[in-house]
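One structure is given here, and the rest of the page talks about it.
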Amino acid sequence: MGYRHAEAYRDNDQCRLIACADIVRENAEAFATEFDLDPEGVYVDYETMLSDVEPDIVSVTVPPDVHETIVVDCANHDAVAAVHCEKPMAHTWPSAQRMVQTCWRNNTQLTFNRQRRFGRPFTEADQLLQNGEIGALQRVEIGWGDFFDTGAHTIDLAGMFAGDCPPRWVIAQLDYREEDIRFGAHQENQMWAQWQYANGVYGTLSTGKGASLVEGTLLLRGTDGTIRIDVDDGPMLELEQDGTRTAIDVGGETLHGTPADGDRFGSRLHTRAIEAVVDALRNDEESQLCGRIGLNTAEIIFAGYESVRRRKRVDLPLEVDDNPIEQMIESGALSPVSESNE
């Protein structure tokens with residue numbers, strides 16, 4: 001993921017890559033070779049890098065359970081003006097909150113790489129919504145991926161369509177019988193969740209075997225019509241009004257990228273995200289990728305797992321100190337079987 005961030009900075013004429021850090025020096029050296037960094041810009045310790053180089057912007061592309069330590073250290077460094085971090089946001093709800101609070105206190109811009117906000121299937125859908133093509137938005141339905149990893153994108157997109165309002169409550173249930181660990185975090189096999197935003201809009205998610213409940217990746221249901229994104233056996237974006245469905249042009253872009261991506265490490269969506277990060281910093285504006293907005297998604301995710309643990313709806317704000325799904329695994333309430341144990 002670091003290569004995708006670096007490629008996006010390289011695309012931006014307002015930026016210059018100056019250093020990298022990796023606990024495995026060979027990895028850092030390979031990265032430096034790819035992006036033409038000077039040998040003295042290669043580090044195995046990020047704190048030494050911060051002191052020596054004093055970068056304006058730092059990208060954090062490590063697993064979620066390490067995010068807080070590095071983000072907080074960057075925020076506490078006088079030279080760092082902005083931190084751009086990978087998703088999912090954090091390993092626990094308190095960790096997500098602490099990162100945002102620390103950066104706010106230190107006047108450090110904190111953003112998270114929710115780059116799909118800049119994909120045309122989603123920007124065009126949002127424009128249709130803002131133009132009143134489906135009337136008032138009532139519900140966003142998600143039928144893609146999982147709750148924690150992919151959910152960091154899909155729930156974020158649902159929030160974008162709902163006006164980035166904070167959530168009121170979450171109710172959820174899951175099945176986790178086959179172990180699935182990504183970036184050090186457990187991912188359930190199947191999940192259903194529902195939540196409501198402060199403005200009254202609902203969100204629903206169905207993943208795994210139940211994903212087909214939603215006839216597409218995301219559906220936006222309004223009082224006067226429906227917007228479908230990545231329709232099953234259909235167009236990437238579709239508007240339904242009065243029983244008539246119309247395909248909407250998105251320039252060949254998909255959920256994941258653009259036709260121009262080619263042999264890049266990442267998609268042009270990463271370039272657009274980095275452009276937004278840099279523009280927000282230069283103009284002293286809040287980015288739509290900011291940590292404050294990111295907390296809405298993180299709270300829904302951790303409240304969803306907490307709802308499974310409590311076996312009831314969780315009213316917000318969320319008050320939980322641990323990672324509910326991990327605690328359920330440790331307690332035996334969930335017993336996923338790994339392939340090595342089969």
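Each value in this text was obtained by applying a stated rule to the coordinates, not by laboratory testing. From a predicted model like this one, the values you see are computed outputs, not experimental measurements. All Cβ positions, even for glycine, are placed from backbone atoms using ideal geometry, and neighbour counts span all protein chains on display.
Entry note, the chain: relative contact order of 20 percent, from Cα contacts under 8 Å with a spacing of 6+ residues. Using the rule -39500 (n - 2.57) for each DSSP H run of four or more residues, divided by the residues of the chain, the 222 nm mean residue ellipticity is -11000 deg cm²/dmol. Positive-end ranking of Gly200, Gly210, Pro63 along the dipole of the chain, with charges on Cβ about the Cα centre, is headed by Gly200. A cut-off of 5 Å between modelled amide H atoms, ignoring neighbours fewer than 5 places along the same chain, links Ser59 with His84.
For the chain, the Cβ-based charge dipole about the Cα centre amounts to some 1240 debye (Lys, Arg positive; Asp, Glu negative; other atoms uncharged). For the chain, leaving out every one of the trypsin sites (Lys or Arg not before Pro) that falls in a DSSP loop and has at most 12 other Cβ atoms within 10 Å, the longest unbroken run is 17-176.
In the stretch 22-66, Cα pairs under 8 Å separated by at least six residues give a relative contact order of 33 percent. What does the C-alpha gyration tensor say about the overall shape of the stretch 286-342? Classify as rounded when a/c is under 1.5, otherwise prolate if a/b is larger than b/c, or oblate. Oblate. The alpha carbon convex hull volume per residue for the stretch 1-143 rounds to 158 Å³. Evaluating 6.51 cos²θ - 1.76 cosθ + 1.60 at θ = phi - 60° for every residue in the stretch 90-103, the Karplus couplings come out as 7, 8, 9, 5, x, 5, 4, 5, 5, 4, 5, 5, 5, 5 Hz, glycine and proline recorded as x. Look at [x] 150; [y] 119; [z] 182: the one that is volume of the Cα convex hull per residue in Å³ derived from this structure is [x]. Put simply, the amide H of Ala198, placed in the peptide plane, has neighbours under 5 Å in Arg168, leaving out anything fewer than 5 places away on its chain. Across the stretch 72-80, coupling constants 3J(HN,Hα) worked out from phi with the 6.51/-1.76/1.60 Karplus curve, θ = phi - 60°, read 5, 4, 5, 5, 7, 8, 4, 7, 6 Hz, and Gly and Pro carry x. Structural descriptor for the stretch 148-267: relative contact order 13 percent, calculated from alpha carbon pairs under 8 angstrom and at least 6 residues apart. Close amide H partners of Gly222, meaning residues 5 or more places away or on another chain with modelled amide H under 5 Å apart, are Gln138, Ile227. Using θ = phi - 60° in the Karplus curve 6.51 cos²θ - 1.76 cosθ + 1.60, the 3J(HN,Hα) couplings for the stretch 177-184 round to 10, 10, 4, 9, 10, 10, 6, x Hz; x is entered for Gly and Pro.
Comparing Phe302, Ala280, Gly257 along the charge dipole axis of the stretch 251-316, the residue lying farthest to the positive side is Phe302, per the Cβ-charge model. Think of each Lys and Arg Cβ as +1 and each Asp and Glu Cβ as -1; about the Cα centre, that makes the dipole of the stretch 91-198 roughly 500 debye.
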